[in-house]
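Remarks on the structure that follows.
The values are calculated or read from the model by the stated rules, or taken from the named source; none is laboratory data. Remember, predicted model here, so these are calculated numbers, not experimental data. Here the Cβ positions follow ideal geometry from the backbone for every residue, glycine too, while neighbour counts run over all protein chains shown.
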Amino acid sequence: MKQDADATVVPACFISNHEGFHGNIKKFIRDFVVTEIDVNGRQVNIETDVQAPHCSDKTSAECKHDQNLQGLEDCDISTDCRFDLTMSSPDSLDLSMVLGQAVSEKLEQFVVSLRDEVEDSEKSGHKELSLGSFTDKYQRANVHRAVRHSFPFLMTVTIQPEIRVREDPDYRELSQLVTEEEAEDFFRFIDAKVQDSSYTFHPDDNKEHRTAVHHFLNRRFGKLVETKSFNDQDKMAISVRLRERGRPKKRSSDERREEDVYTAFTLCKENLETLEAISYMAATLGVLPSDFTYAGIKDKRAVTYQSMVVKKVSPQRLTEKRAEFEKRGMRLSHIRSASEPLKLGRLRGNHFDLVVRNLRSHGASGTRSFADTRHQLTGLVEEALENVKVRGFVNYYGPQRFGTGQSVQSDLVGLAILKEDMVDAVRLFFSPEDGDDPPSKAKRHFLQTDNAKESLALMPASKARERLMLRALNRYGTGPEGCAKAWLSLPHGMRLFYPHAYCSRVWNEAVAHRLVTLGHGVRKGDLVWMREVDNGGECKAAQIHVVTEQEEEQGVYALAQVLLPMPGNTVKYPENAMGTWYRERLTRDGLENCRFRVGGLKLNLPGCYRPLLASLCNLSYRLTNDDASEKMGNVGESLTLTLNFDLDSSCYATICLREIMKCDP
């Protein structure tokens, strides 16, 4: 981690007063192992043939810590403020993953050529592009869905095993009656075929025009949909609803059964992001990323074990692909049938097996013998762990919540979004690093030239968010409207990440200010919660209690019960000096009148409550000589600390280590 970057988002304020020590984490990938704990309190890898390194023999018992509120932990995105990073939109499927980079670029060029010839309908109507041959029917299905969703104005045709694309004449006809945006949204609605769903066109007070739209829809899609006009804000509008039994014409009974198949498995991944792993598995299996569900997203630079469920894939078929997945750093185990998808946040917490290398005291001079150093460090480690075990740690959001290593932190992007300055938000999003790595070069080129097309060609295929944004900017322009549509090209959870990052930074600053100004006792006007959270991990406003003067004097509540709100439109703020601090802090950023809703991006931030303190449980540790360091030829002897503990899903392991070590690890 970068010390200066971390310091800006995680204040240097601790709850314990032990000395601590220095050390290094994540020197090797296997120094950081994260194993999900399911709702029954069991580590998800214990039924597999895979064992995590440094893992204790005991089964993780249920943590009795009653502060399991919404939040993010080190390698997990759970139910924080209903934060949802599932790839709920097929837009999240990068076509380069399905078609390959070269074919994906040809498809984009084909689309641009169609747009250039929009006036010559006869010429463009006969243009076709081959996407190649796909022998696997599941891959063909994935190509069809991904292409149609990214480019609704195209139709895909299979001349087995080849897939070809051309402009959809129905789209062209509809786009002459309504706006292009409405035509695209309507075709996505038709293609999704979500039961009991509907689509409404913009209000239209021209009866003849409405009649023409009705006629077109009934002529071309009458077997699938029914239409009606209704009064909307003193104007008439057309609503389209799927017929009760509207199904694709050639859908067999086998395909219908396949839609209802769920397969659960444990995913072990190494040095790989969860969403990257899902994109690869989806492309290989011929399904969409949204067909995968999981309880939380795990860190990239770690070995992680987590539960997943995939829809429309049988256990047998998933088993057949195991060897292929292993080549990409993924190991699947405990594959079995399931009755339903996983829900985000449906986990008890995470078990961590961590290695902290090269231990040294804060005031180490290098003149003591190794025996003296070992004796001193043993005392420092034991004191630190005992303190944190008893007192807990300040429950900060960790630096990875804000985009560690980026020149501009994600919270600044979120602030621009909350102020509805979409152009500034886009430019902050594309802030490059100082180096000359390919992503930074592409970002720098965009900021210097405003040329999204050229920047897209420079952006690596692995940068899915950046590529989605650049595609939309190339299509809609880089003005305010184009930038808003670029943000809309990202899945909802990804858009929500940035304003949440801003609110998390405010929360971090709030807890530090609270401890410095009001101390470590419970004060009048503080917020506390009254009883355990429900199974969904949520604490409702009705459960929030404001501490009275009498309760402060009698010491009714402990500091571990104090909550601080994440800014939002449904939370109440403390009724003491902290309430004033929140108002002044938001005003300083120009958000004094913010409703924490961004209608144009379909974002709503209700806010939530987060405990001021967190605790660890099932702690065990040992000190050993650093054999790995010696093998690498490092001079001198050093100590290694191996830690095993459980955290609730609202906690960060690096923040826990920070309290233990009294420095950024």
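Some points to look at:
- Scanning the range 454-482 for residues that are buried (at least 16 other Cβ atoms within 10 Å of the Cβ) and farther than 27 Å from residue 274 by Cα yields 474, 475, 476, 478, 482.
- Taken as a whole, the structure leaves residue 180 outside the set of residues that are among the acidic types (Asp, Glu), modelled with pLDDT of 85 or more and not assigned by TED's automatic domain parsing to the domain that holds residue 468.
- Helices (runs of 4 or more DSSP H) fully within the range 202-308 counting 1 or more residues that are at pLDDT 85 or above: 207-221, 274-285
- Listed by first and then second residue, the pairs linking a residue in the range 631-644 that is more than 11 Å from residue 377 (Cα to Cα) to a residue that is of a type in the set (Gly, Ala, Ser) and at pLDDT 50 or above, with Cβ atoms under 7 Å apart and 6 or more places separating them unless they lie on different chains, are 644/620.
- Considered as a group, the residues in the range 179-216 that are among the β-branched types (Val, Ile, Thr) and under 18 Å from residue 231 (Cα atoms) include one that is surrounded by the most Cβ atoms within 10 Å (Cβ to Cβ), and that residue is 213.
- Within the range 417-439, being in contact with a helix residue (DSSP H, G or I) (Cβ under 6 Å, 6 or more places away or on another chain), over 16 Å from residue 464 (Cα atoms) and either of a type in the set (Val, Ile, Thr) or surrounded by fewer than 16 Cβ atoms within 10 Å (Cβ to Cβ) (or both) holds for 417, 423, 433.
- Scanning the range 136-178 for residues that are surrounded by 14 or more Cβ atoms within 10 Å (Cβ to Cβ) and in a loop (DSSP other than H, G, I, E, B) turns up 151, 152, 153, 168, 177, 178.
- Checked against the criterion of being at pLDDT below 90 and either over 27 Å from the mean Cα position of the chain (by Cα) or among the aromatic types (Phe, Trp, Tyr) (or both), the candidates 403, 379, 363 yield just one match: 363.
- Restricting 629, 615, 650 to those that are within 22 Å of residue 386 (Cα to Cα), in contact with a strand residue (DSSP E or B) (Cβ under 7 Å, 6 or more places away or on another chain), small (Gly, Ala, Ser) and modelled with pLDDT under 95 reduces the list to 650.
Per-residue answers, yes or no, for (1) out of contact with any helix residue (DSSP H, G or I) (no Cβ under 7 Å at 6 or more places or on another chain); (2) modelled with pLDDT under 95; (3) hydroxyl-bearing (Ser, Thr, Tyr); (4) more than 23 Å from residue 394 (Cα to Cα):
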{"position": "492", "(1), (2), (3), (4)": "yes, yes, no, yes"}
{"position": "522", "(1), (2), (3), (4)": "no, no, no, no"}
{"position": "532", "(1), (2), (3), (4)": "yes, yes, no, no"}
{"position": "542", "(1), (2), (3), (4)": "yes, yes, no, yes"}
{"position": "552", "(1), (2), (3), (4)": "yes, no, no, no"}
{"position": "567", "(1), (2), (3), (4)": "no, no, no, no"}
